[in-house]
Structure formats: structure tokens, C-alpha cells
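A.B. asks: I'd like to ask you about the structure that follows.
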Amino acid sequence: MSKPISKPFDLYAADIDRDPFPMYEWLREEQPAYWNDRDKYWVLSRYEDVFNATQDWETFSSANGNLIDEIPGRTNATLGTTDPPRHDRLRALAQAAFMKKNFEYITGPTREVAAEAARACKAKGTFDFVADYSSTITVKVLMPLMGLPVLEPSTIRNKVVLAISTDRQTRGRNEELNAAFKWMTDFISTEVEKRRRNPQDDLVTRLAEAEIDGDRLSDKEVLLTTATFVMAGVESLSSFMTTLALNMHDNREARARIFADPKLMPQAIEESLRYNTSAQRFKRTIAREIELHGKTLRPGERVVMAYGSANRDRRKFDNPDIYDIDRNPRGHLGFGSGKHVCLGSQLARMVSEVAMNEFLAQIPEFQLTKTDFPWVPSSNFRSPRELPFKIM
Ligand code: HEM
């Protein structure tokens with residue numbers, strides 16, 4: 001178990017990306033409703049509080065955005081940044097487009113792309129799991145699914161990582177980060193226009209054409225929803241696969257069992273979503289006054305919901321700091337919960353399972369070449385920027 005430390009929780013501290021877990025423990029035990037007065041935000045860290053907040057959108061609103069350092073132009077405009085009834089409408093239309101196809105059909109292409117990437121890693125001997133495997137696969141599988149051109153994986157990943165990053169100096173966003181999001185929406189916008197003129201069998205076309213009782217998404221809604229898919233699809237999924245690989249590296253016995261019986265991979269995926277999910281924290285804004293742990297949370301105040309901390313709460317999970325693929329962590333918040341629960345969870349589970357099993361089949365033994373690899377600076381997400389492995 002990590003040791004409690006007694007210092008204030010600071011989203012912009014240097015070590016928060018690499019290891020937020022000791023701070024989470026301090027919060028859960030000492031300050032379950034914690035107010036950071038410097039940057040003006042609450043943090044909820046216990047499972048029960050975070051879960052309840054996900055169910056109560058009338059108090060914990062998403063309309064001011066769900067990114068702690070929100071991207072200008074996204075608020076009250078898309079999934080993740082709206083409350084009912086607007087969110088219900090957007091979600092139903094996006095779901096209609098998203099669920100129209102059974103995603104099983106992309107299992108085959110995912111396996112082919114993964115097998116090719118694993119062969120390339122094998123040929124190199126030492127490689128970066130992020131650049132050479134997880135981001136290559138997510139770009140090559142998800143961009144065609146959405147109907148977007150498969151750009152050089154490092155180009156799109158670099159832009160997406162910048163778009164979701166936080167500037168530690170200014171403790172927020174900066175021009176470069178906003179420009180990366182603009183680059184992405186300009187690029188998507190061109191593709192949306194093309195699909196309006198020339199419909200294809202892809203997600204962008206289905207979003208543009210989705211209709212419920214004569215209601216359709218506007219051009220801006222199609223654009224921002226596609227941008228959310230790109231950020232979630234390329235970044236969250238690639239980051240999650242990277243974390244899963246790190247867990248496989250750190251847990252040799254689990255790795256050997258999965259190599260011998262790939263049907264165990266879904267259990268490892270659920271445990272990784274609990275143990276160190278890439279989607280660590282999301283924001284809500286207080287819409288009506290509420291008392292929690294003797295504190296008063298007032299309308300307009302920001303609340304950080306620490307999913308990654310809730311998933312390590314011993315009030316919910318036994319021995320929460322142990323990685324255990326036999327645990328069956330029902331109720332984990334790796335995909336959130338309530339109205340805004342992840343729309344791509346099934347797709348993410350499927351792609352991760354196929355890709356990670358293919359990796360282990362070809363590269364069952366691998367080792368980090370250094371432990372001080374860089375992490376993405378982000379107030380919401382946690383993921384290695386590079387994961388340097390060598391084959392044993
Ligand atoms: C393992 C990878 C992924 C993780 C860990 C993840 C995690 C999450 C979490 C925690 C939320 C809730 C956000 C909140 O509470 O405000 C969320 C929402 C969302 N995710 Fe994912 N996600 C992943 C992959 C994907 C993929 C592949 C897609 C689609 C291509 C996707 C699309 C979405 C969308 C559209 C939302 C917003 C839903 C809404 O607000 O109604 N995600 N995701």
C-alpha cells in the first residue's frame with residue numbers, strides 16, 4: 001500500500017502525472033472534500049462521493065466542460081460538455097450513429113494492423129511502445145472507422161496529445177495547446193464537408209445523417225462530436241493500451257498466465273481500468289449548493305472527480321493497491337458512470353484485447369530500458385509519453 005503523505009493536492013505538481021496515488025490516499029483519508037484555494041477547485045476522491053456525483057447531473061453539471069483546463073469553444077456544445085435535455089438529444093443521435101454497426105467486424109482489421117506493428121517491434125528489438133505500437137494501432141484502426149484519412153500516426157497523436165495537455169507553467173492552457181485543437185477541428189471540418197457532399201459508410205457520415213424524429217445534428221455538433229471521438233479514440237485508447245502494457249511488464253505472473261491463456265485478457269483489461277486508468281480525473285461545476293463532509297460546495301465552483309482515486313478506495317475494493325487480474329472489479333469507474341459514461345467502452349475493450357494479445361503472442365518477454373520515461377502533462381489524463389521496451 002502506498003504511504004499517506006501530508007501535502008496539499010496540486011493538479012499542476014511535477015509528480016502528479018507519474019504517480020498521483022499517494023496524494024489520492026492522503027485526500028481520501030484526510031480531506032475527502034478538498035478545496036484547493038490557489039487554483040479554486042474541489043476534489044472528490046472517495047468512491048461513494050465520486051460515484052454519487054456521476055449520478056447527480058443536476059448538482060454536478062457538465063455544461064462548463066469536463067476537462068479541468070477546458071478547451072475554448074467546447075463548453076455547452078457536445079457530449080461531455082452538456083447536461084440533459086441537450087445531452088440526451090446529442091447522446092441519442094451519436095449513439096444511433098455509433099451503434100448502427102456491430103463493431104465485431106473490426107476485430108479482423110485490428111488483428112492485422114496489430115500483427116504488423118508487433119512484427120516491426122520485433123524486428124527493431126528495442127522500441128517505443130507508444131510510437132511503434134499503441135498509437136500506430138489506434139490511428140490505423142480508428143481513423144478509417146470514423147472515415148478520416150490515416151495521417152502519419154505520430155502527426156495526429158502529437159496534435160491530440162497537445163490538445164489534451166496542460167501547461168504546468170501557466171497552470172492551464174496556452175496558445176500552442178489551443179492551436180493543436182484548432183488544427184484538429186480544421187482537419188475534421190474538411191472531411192465533414194466532403195461527407196455531406198459524398199456520403200460514405202463511416203462514422204462521420206452516420207453522425208451527419210443520424211436522425212431521431214426529424215432532428216439532426218448541426219454541422220458544429222457533428223464536428224465537435226467527431227473531435228471528441230478522435231481525442232478519445234486516438235488518445236484515451238492508445239494511452240490505456242500503454243498503461244495495460246506497463247501493467248503486463250510489472251506483473252510477470254499475470255503476463256505468463258495470459259500468454260498461456262489469452263482468454264484471460266478481458267480480466268486484465270478490467271483490472272487495468274480500475275488500477276491505473278488513463279482517464280484519471282474529470283471536471284464538473286456545482287449547479288446547486290450541496291454539503292459534503294462538513295463543507296459547502298457553492299454554485300459555479302469547479303469539482304475534480306478523481307475516478308483514479310475512487311478506483312483505489314479500500315471502502316470499495318479490497319487491497320486496492322494490488323494489481324490482481326482475478327479480482328473482477330465490478331463497478332470500477334475507469335469509463336465513468338451515469339449520463340456521461342464512455343460511449344466507446346465496448347470498442348475500446350475489443351481493440352485493447354485484440355492488440356494486447358497479439359503483442360504478447362509475438363513478444364512474450366520484454367523489459368523497460370529505463371524507468372524515468374516521460375509522462376504526458378495533463379490535469380485530466382495519465383499516460384506515458386514514451387514507453388521504451390527491449391525484447392528479452
Ligand atoms: C480505454 C479507453 C477509454 C477510456 C479509459 C475512456 C474513458 C472515458 C471516461 C472516464 C468518460 C467519462 C467522462 C466524464 O465523466 O465526463 C468517457 C466519455 C466518453 N468517451 Fe471514452 N474512454 C475510452 C475510449 C473511448 C473511445 C475509443 C471512444 C470513441 C471512439 C470514446 C468516446 C467517448 C465519448 C463520446 C464520451 C462522452 C460521453 C458523454 O459525455 O455522453 N471513448 N470516456
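No lab work stands behind these numbers, since they all come straight from the coordinates. All values reported here derive from a predicted model rather than from experimental measurement. Cβ: placed from backbone, ideal geometry, glycine included. Neighbour counts: every protein chain shown.
A.B. asks: Excluding residues on the same chain fewer than 8 positions from Lys159, give the lysines whose Cα lies under 19 Å from its Cα.
C.D. replies: Lys140, Lys182
A.B. asks: With a cap of 14 neighbouring Cβ atoms within 10 Å, and only residues DSSP puts in a loop, list the GluC sites (Glu not before Pro) found in segment 1-81.
C.D. replies: Sites meeting the loop and neighbour criteria: Glu58.
A.B. asks: What does the highest-first list of 305-316, 177-188, 362-373 look like by mean Cβ count within 10 Å?
C.D. replies: Descending mean neighbour count gives 305-316, 177-188, 362-373.
A.B. asks: Measuring from centroid to centroid over Cα atoms, what is the spacing of segment 116-188 and segment 310-327 in Å?
C.D. replies: One Cα centre to the other: 31 Å.
A.B. asks: Normalised by the residues of segment 1-154, what does the relative contact order come to in percent, with Cα pairs under 8 Å and at least six apart?
C.D. replies: After rounding, I find 10 percent.
A.B. asks: While we're on this one: If one computes the Cα centroid of segment 216-235 and of segment 51-66, what distance in Å separates the two points?
C.D. replies: One Cα centre to the other: 21 Å.
A.B. asks: Return a whole-number percent for the relative contact order of the chain, with Cα pairs under 8 Å and 6 or more residues apart as the contact set.
C.D. replies: 26
A.B. asks: Per DSSP H run of n ≥ 4, the term is -39500 (n - 2.57); total these for the chain, divide by its residue number, and report the mean residue ellipticity at 222 nm rounded to 500 deg cm²/dmol.
C.D. replies: Computed mean residue ellipticity for the chain: -14000 deg cm²/dmol.
A.B. asks: Please give the peptides 160-168, 288-296 ranked by average Cβ packing (other Cβ atoms within 10 Å per residue), highest first, as a rough proxy for protection.
C.D. replies: Answer by packing, highest mean first, reads 160-168, 288-296.
A.B. asks: Leaving out same-chain residues fewer than 8 places away, which lysines sit with a Cα under 18 Å from that of Lys40?
C.D. replies: Lys7, Lys283, Lys295
A.B. asks: Counting other C-beta atoms within 10 Å, and keeping those with at most 13, which DSSP coil trypsin sites (Lys or Arg not before Pro) do you find in segment 94-124?
C.D. replies: Lys100
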